[in-house]
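Enquirer: What follows is a structure written as structure tokens; I'll ask about it next.
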Amino acid sequence: MSSAPNRKLLLVDDDENIRFVAELSLEADWQISSASSGSRALEIAVAENPDVILLDMMMPGMTGAEVFAKLRQIDLTRKTPVIFMTAKVQKEEVAQYMAMGVNGVILKPFDPMSLSEEIGQMLGNSVCA
């Protein structure tokens, strides 16, 4: 196997199965950290300064939108690309997410075979080059 990827992705989802599948589908292209809660995601984001954050919208305790707002208040993560993962993708909802300033929205359930490519497209391949 070639050297480990040097691009860092923080995967945030309260569902262990989703984290497992996403990690498997992304591990060839990304160095992955994962968190099962918004508060843990904030800790990891500050400690590891990921290149992109894949963030579940519907989590107990703190929603993805709340985590996103907090990330934007922290100097280190203010400009970190964030992509929401959610099953709530009505046209109005997606428009609202994009208006918040996220880099994209991935529909759950996602396709593990194309997840990394989808992230790259949403980032304009700036991080994936």
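Here, each number is a calculation from the coordinates, and none is a lab measurement. Quick caveat: nothing in here was measured; it's all calculated off a predicted structure. Neighbour counts run over all protein chains shown; Cβ positions are idealised from the backbone, glycine included.
Enquirer: Please go through (1) closer than 14 Å to Thr86 by Cα; (2) in contact with a helix residue (DSSP H, G or I) (Cβ under 8 Å, 6 or more places away or on another chain) for Arg19 and return the number of the only condition it doesn't satisfy.
Expert: For Arg19, the exception is condition (2).
Enquirer: Here is a further query. Looking only at residues that are part of a helix (DSSP H, G or I) and not small (Gly, Ala, Ser) in the stretch 109-129, which one is surrounded by the most Cβ atoms within 10 Å (Cβ to Cβ)?
Expert: Among residues in the stretch 109-129 that are part of a helix (DSSP H, G or I) and not small (Gly, Ala, Ser), the one surrounded by the most Cβ atoms within 10 Å (Cβ to Cβ) is Ile119.
Enquirer: Further question on the same structure: Applying the selection to the stretch 17-44, what residues are under 11 Å from the mean Cα position of the chain (by Cα) and among the hydrophobic types (A, V, I, L, M, F, W, C)?
Expert: Matches in the stretch 17-44: Ala22, Ile32, Ala35, Ala41.
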